[in-house]
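The values are calculated or read from the model by the stated rules, or taken from the named source; none is laboratory data. Quantities reported herein were computed from a predicted structural model and do not represent experimental measurements. Here Cβ is always computed from backbone atoms with ideal geometry, including for glycine, and neighbour counts include all displayed protein chains.
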Amino acid sequence: MDAATKPVPDLHDHRVSANHLDAVRVGKVKFSVEKFAWFFGMATCASIGGALNASLDAIGLFIVSTAIALLLGHSLGSHRKLIHASFQCPKWLEYMLVYCGVQVGLAGPIGLLRQHDLRDFAQRLPHCHDYLRHGQSFWRDAWWQLSCELQLTNPPKIRIEPRIAQDRFYIALEKTWMLQHALIAGAFFAWGGWAYVFWGVCARVTACVFGHWLIGYFAHNHGAMSYHINGAAVQGHNIRMTSLLTMGECWHNNHHAYPGSARLGLQSGEWDPGWWTLCLLRKFGLVWDIVLPEDLPQRTELEELAQPDSRCSICSLLLPTYYGQR
Ligand SMILES: [Zn+2]
Ligand SMILES: [Zn+2]
């Protein structure tokens, strides 16, 4: 039976559905002028403008705004709340978190959800396009993810629930997500001039978009594993040394095992700033109904490894012969 006629395994209540496996396998990677101009434009402004206008307070703004965008925005707002609904919170807080998530500069909230769910769906199937699984070499994957888009021949259907798809705030944010960066840039310019724009917007977006790709590449190719998903096109890996930088998103092997869990660092010593923040917000009554691995339905394809593979992601990349090439 070829891939086109193989039935697609039942993925429970996934937003994505397809009748055949080729839906996530057959397609072309096409250069995207918009994506290229956005990322490389930001990177150019950050390196030239940032270097010529460097100051301690501008660099401080870069660090603080990047941390807010990654922790409150990307990890809590976009990923753990909007995409996975792994905790409940007041609507005003959800909007605030997702707005911060847009400041990462990857896409609008609905576009990001579609990208995430397509990848999540494709990676759980036995085969998927290399673009969706970071399956090509480091440099080719960098070029693909930072400046190209995948055009699938017969893409699967993505059904987004009305809670998100019909929400006026999210629809508006989706249409204007690039403009939102311009608004913040205007506010930073009024506050501290061009140095604040180059560091607080251009350098932040460059670091977030580049970092998101880099972690995505490693998290699907190198690093420790506590779980194995049988029959999946690709496994997730944990990248321990980036736990603080990624706000806990680096525990991607755990995330592949328990996608709906609000907690990503599951073992002791797996630092998860996103989880710590949720615990703090829960203390103030701002977060409730937190979903943990034990609350999720059992998955027959999930296997807990008796001997977790704890090889370091960077070491296995730099010393492939010592660690055994994978
Ligand atoms: Zn993944
Ligand atoms: Zn996810």
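Please pick out the residue among 165, 185, 203 that is crowded, with 21+ Cβ neighbours inside 10 Å and touching a residue at least 12 places away in the same chain (Cβ under 8 Å). Talk me through it step by step, then tell me what you get.
Numbers: 165 fails: crowded, with 21+ Cβ neighbours inside 10 Å; 185 fails: crowded, with 21+ Cβ neighbours inside 10 Å.
Matching residue, one of 165, 185, 203: 203.
Residue 92: modelled with pLDDT of 95 or more, hydrophobic (A, V, I, L, M, F, W, C), in contact with a strand residue (DSSP E or B) (Cβ under 6 Å, 6 or more places away or on another chain) and over 21 Å from residue 258 (Cβ atoms), yes or no? First the steps, then the outcome.
Numbers: modelled with pLDDT of 95 or more: yes; hydrophobic (A, V, I, L, M, F, W, C): yes; in contact with a strand residue (DSSP E or B) (Cβ under 6 Å, 6 or more places away or on another chain): no; over 21 Å from residue 258 (Cβ atoms): yes.
For residue 92, the condition - modelled with pLDDT of 95 or more, hydrophobic (A, V, I, L, M, F, W, C), in contact with a strand residue (DSSP E or B) (Cβ under 6 Å, 6 or more places away or on another chain) and over 21 Å from residue 258 (Cβ atoms) - is not met.
So, in the stretch 250-275, how many residues would count as being aromatic (Phe, Trp, Tyr) and without any contact (Cβ under 8 Å) to a residue 12 or more places away in the chain?
Here is the first cut: in the stretch 250-275, the ones aromatic (Phe, Trp, Tyr) are 251, 258, 271, 275.
Going one step further and asking which of them are without any contact (Cβ under 8 Å) to a residue 12 or more places away in the chain, we end up with none.
Summing the residues that are aromatic (Phe, Trp, Tyr) and without any contact (Cβ under 8 Å) to a residue 12 or more places away in the chain in the stretch 250-275 gives 0.
Could you go through the stretch 270-279 and let me know if any residue there is more than 16 Å from ligand 1 (Cβ to nearest atom), at pLDDT 95 or above, under 30 Å from residue 90 (Cβ atoms) and over 21 Å from the mean Cα position of the chain (by Cα).
yes
Within the stretch 224-246, identify whether any single residue is surrounded by 23 or more Cβ atoms within 10 Å (Cβ to Cβ) and either among the hydroxyl-bearing types (Ser, Thr, Tyr) or closer than 20 Å to residue 65 by Cβ (or both), and answer yes or no.
Within the stretch 224-246, one or more residues are surrounded by 23 or more Cβ atoms within 10 Å (Cβ to Cβ) and either among the hydroxyl-bearing types (Ser, Thr, Tyr) or closer than 20 Å to residue 65 by Cβ (or both).
Among the residues of the stretch 222-239, is any away from ligand 1 (no atom under 16 Å from the Cβ) and under 30 Å from residue 24 (Cα atoms)?
Looking only at the stretch 222-239, we keep the residues that are away from ligand 1 (no atom under 16 Å from the Cβ), and these are none.
No.
Could you list all residues from the stretch 240-263 that are more than 12 Å from ligand 1 (Cβ to nearest atom), closer than 23 Å to residue 124 by Cβ and among the hydrophobic types (A, V, I, L, M, F, W, C)?
Residues of the stretch 240-263 that are more than 12 Å from ligand 1 (Cβ to nearest atom), as a first pass: 240-248, 258, 260-263.
Pick out the ones that are also closer than 23 Å to residue 124 by Cβ and you get 246, 248, 258, 260-263.
Of everything in the stretch 240-263, just one residue is more than 12 Å from ligand 1 (Cβ to nearest atom), closer than 23 Å to residue 124 by Cβ and among the hydrophobic types (A, V, I, L, M, F, W, C), namely 262.
Kindly indicate whether any position in the stretch 67-82 is surrounded by fewer than 21 Cβ atoms within 10 Å (Cβ to Cβ), over 29 Å from residue 140 (Cα atoms), of a type outside the set (Ser, Thr, Tyr) and more than 16 Å from ligand 1 (Cβ to nearest atom). Quick ask: steps written out before the conclusion?
Filtering the stretch 67-82 down to residues surrounded by fewer than 21 Cβ atoms within 10 Å (Cβ to Cβ) leaves 67-68.
With the extra rule that they be over 29 Å from residue 140 (Cα atoms), the set shrinks to 68.
Filter again for of a type outside the set (Ser, Thr, Tyr), leaving 68.
Checking the rest, the ones that are also more than 16 Å from ligand 1 (Cβ to nearest atom) come to 68.
Within the stretch 67-82, one or more residues are surrounded by fewer than 21 Cβ atoms within 10 Å (Cβ to Cβ), over 29 Å from residue 140 (Cα atoms), of a type outside the set (Ser, Thr, Tyr) and more than 16 Å from ligand 1 (Cβ to nearest atom).
Is it the case that some residue within the stretch 216-237 is within 12 Å of the chain's Cα centre (by Cα), touching a residue at least 12 places away in the same chain (Cβ under 8 Å) and closer than 15 Å to residue 75 by Cβ?
Yes, some residue in the stretch 216-237 is within 12 Å of the chain's Cα centre (by Cα), touching a residue at least 12 places away in the same chain (Cβ under 8 Å) and closer than 15 Å to residue 75 by Cβ.
Do any helices (runs of 4 or more DSSP H) entirely within the stretch 165-260 hold 3 or more residues that are small (Gly, Ala, Ser), closer than 30 Å to residue 293 by Cα and within 16 Å of ligand 2 (Cβ to nearest atom), and if so, which?
Fully inside the stretch 165-260 and qualifying: nothing.
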